[in-house]
Amino acid sequence: MSAKIISGTEIAKQIREELKKEIKELKKRHGVTPGLATILVGDDPASKVYVGQKEKSCNNLGIYSEKINLPGDISEKELLSLIEKLNKNSRIHGILVQLPLPKQINESRVIYAIDPAKDVDGFHPVNVGKMVVREKCFLPCTPHGILELLARSGVQTEGAEVVVVGRSNIVGKPVLNLMLQKRPTGNATVTLCHTRTKDLVFHTKRADILIVATGHPKTVTGDMVKEGVVVIDVGVNRIGKTPEGKAILVGDVDFESVKEKAAAITPVPGGVGPMTIVMLMKNTVEAARNSIVE
Ligand code: NDP
């Protein structure tokens, strides 16, 4: 069997088309242009690329964007005071602080400082808590993107054995939560694995849907999965550069061996990555809509 490729690039394009219509409508009916502020602290090359992609996406969709680049030695106090200003700025509906932050800055304090109504990353504990109890909130972009990828590819999650490898706050834990919720995009039986899992292969081999977010290439190989599994590879690992100087990216799954057994698989690049960005745009549009007082 050679797997169907689940293209995040294509699905993100569909969602962008839907968003363009919504943005036009917001401008026409309410005079509101969604606005996103992105804050980059320091000059980490990968973070620069991510922020650049987010800004480009805003420009393509007609979302107002403010890109704020801060020196790597900025103090926590200065960053918090900037966030305070953005919280009050009516042109800005969403605030994104690119993580990781330099050591002198406490990430939790920064996330707490963002107004939950502008927390389009969905990392603020208020949004995390609301997600868990299923109240209206901003869902974190990567997990939400994974749900959309599955739903729009016709993959049924109801009753499925979903195995998630990786328990970070931004991917594994929210994916676990969303997948077990009683709604059509969830309703799965979910197992969450990590580095202390005794027998990882036992779990990965049982998976109908396998979601991998470990940050290590080839965490999952062909001999670790069953025939017909659907695989979502969240990983982005830079393993070198092409002669032209472009980064060579691979996921956390050994694509070549796993695709021979899987029914469907996401590629890296072109899988989860574009979905994360488009879900950020979706949250920003939602934040703008929420700001309208009828
Ligand atoms: P973290 O490093 O925060 O978490 C990794 C998790 O994987 C940890 O829970 C760790 O376990 C677990 N883990 C690591 N190695 C193994 C292993 N061999 N077996 C079982 N579990 C393992 O990573 P993130 O969740 O932030 O990111 C994961 C990957 O996803 C990265 O490649 C990142 O670049 C990518 N990513 C991609 C995004 C996108 O938009 N495409 C968005 C976000 C992340 P333990 O807790 O025990 O240490």
Check your understanding: What is the residue count in the range 48-65 for residues that are open to solvent by 50 Å² or more (accessible area, probe 1.4 Å) and in a helix (DSSP H, G or I)?
Key -> 8
Practice item. For the range 30-46, indicate whether the set of residues that are open to solvent by 50 Å² or more (accessible area, probe 1.4 Å), farther than 20 Å from I292 by Cα and part of a helix (DSSP H, G or I) is non-empty. Key: yes
Review point. Within 15 Å of the ligand (Cβ to nearest atom), among the small types (G, A, S) and in a loop (DSSP other than H, G, I, E, B) - does that describe any residue in the range 152-172?
Key: yes
Practice item. Output yes when any residue across the range 200-211 is within 11 Å of the ligand (Cβ to nearest atom), within 17 Å of E148 (Cα to Cα) and out of contact with any Leu (no Cβ under 7 Å at 6 or more places or on another chain), and no when none is. Key: yes
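Restricting attention to the range 71-122, which residues are in contact with a Pro (Cβ under 6 Å, 6 or more places away or on another chain) and open to solvent by less than 30 Å² (accessible area, probe 1.4 Å)? Quick ask: steps written out before the conclusion?
Start the filter on the range 71-122 by keeping residues that are in contact with a Pro (Cβ under 6 Å, 6 or more places away or on another chain), which leaves 72, 93, 122.
The answer is H93, G122.
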Review point. Taking V164, is it among the aliphatic types (A, V, I, L, M) and in contact with a Pro (Cβ under 6 Å, 6 or more places away or on another chain)?
Key: no
Revision key, fill the gap. Out of (1) open to solvent by less than 30 Å² (accessible area, probe 1.4 Å); (2) not assigned by TED's automatic domain parsing to the domain that holds T214, the one K136 does not meet is (1)
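Against the definition (at positive phi, touching a strand residue (DSSP E or B) at 6+ places or on another chain (Cβ under 9 Å) and more than 15 Å from the ligand (Cβ to nearest atom)), how does G240 come out, yes or no? Full working, then the answer.
Details: at positive phi: yes; touching a strand residue (DSSP E or B) at 6+ places or on another chain (Cβ under 9 Å): yes; more than 15 Å from the ligand (Cβ to nearest atom): yes.
Spelling it out, G240 is indeed at positive phi, touching a strand residue (DSSP E or B) at 6+ places or on another chain (Cβ under 9 Å) and more than 15 Å from the ligand (Cβ to nearest atom).
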Practice item. Determine whether E25 is within 21 Å of the chain's Cα centre (by Cα), open to solvent by 20 Å² or more (accessible area, probe 1.4 Å), over 30 Å from K103 (Cβ atoms) and not assigned by TED's automatic domain parsing to the domain that holds G222. Key: no
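Residue check: is N283 among the polar types (S, T, N, Q), within 15 Å of the ligand (Cβ to nearest atom) and touching a strand residue (DSSP E or B) at 6+ places or on another chain (Cβ under 6 Å)?
Numbers: among the polar types (S, T, N, Q): yes; within 15 Å of the ligand (Cβ to nearest atom): yes; touching a strand residue (DSSP E or B) at 6+ places or on another chain (Cβ under 6 Å): no.
Here the answer is no, as N283 does not meet what is asked.
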Exercise for review: Could you please let me know if I68 is in contact with a helix residue (DSSP H, G or I) (Cβ under 8 Å, 6 or more places away or on another chain), among the β-branched types (V, I, T) and buried (at least 20 other Cβ atoms within 10 Å of the Cβ)?
Suggested key: no
Practice item. Among what's in the range 140-149 and is within 9 Å of the chain's Cα centre (by Cα) and open to solvent by 20 Å² or more (accessible area, probe 1.4 Å), pick the residue that is nearest to A288 (Cα to Cα). Key: H144
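Could you pull out every one of the strands (runs of 3 or more DSSP E) wholly within the range 196-278 that has 2 or more residues that are crowded, with 22+ Cβ neighbours inside 10 Å and among the aliphatic types (A, V, I, L, M)?
Details: elements: 209-212, 230-233, 237-241, 247-250.
Counting at least 2 such residues, we get 209-212, 230-233.
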Exercise for review: Output the residues belonging to the range 231-279 that are over 14 Å from G8 (Cα atoms), in contact with a Ser or Thr (Cβ under 8 Å, 6 or more places away or on another chain) and hydrophobic (A, V, I, L, M, F, W, C).
Suggested key: I248, V253, V258
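The values are calculated or read from the model by the stated rules, or taken from the named source; none is laboratory data. Predicted, not measured: the structure shown is a model, and the values here were computed from it. We place every Cβ from the backbone using ideal geometry, glycine too, and count neighbours over all the protein chains shown. Ligands, DNA and RNA are excluded from the accessible area calculation, which covers all protein heavy atoms including side chains. Shrake-Rupley method; radii C 1.70, N 1.55, O 1.52, S 1.80 Å.
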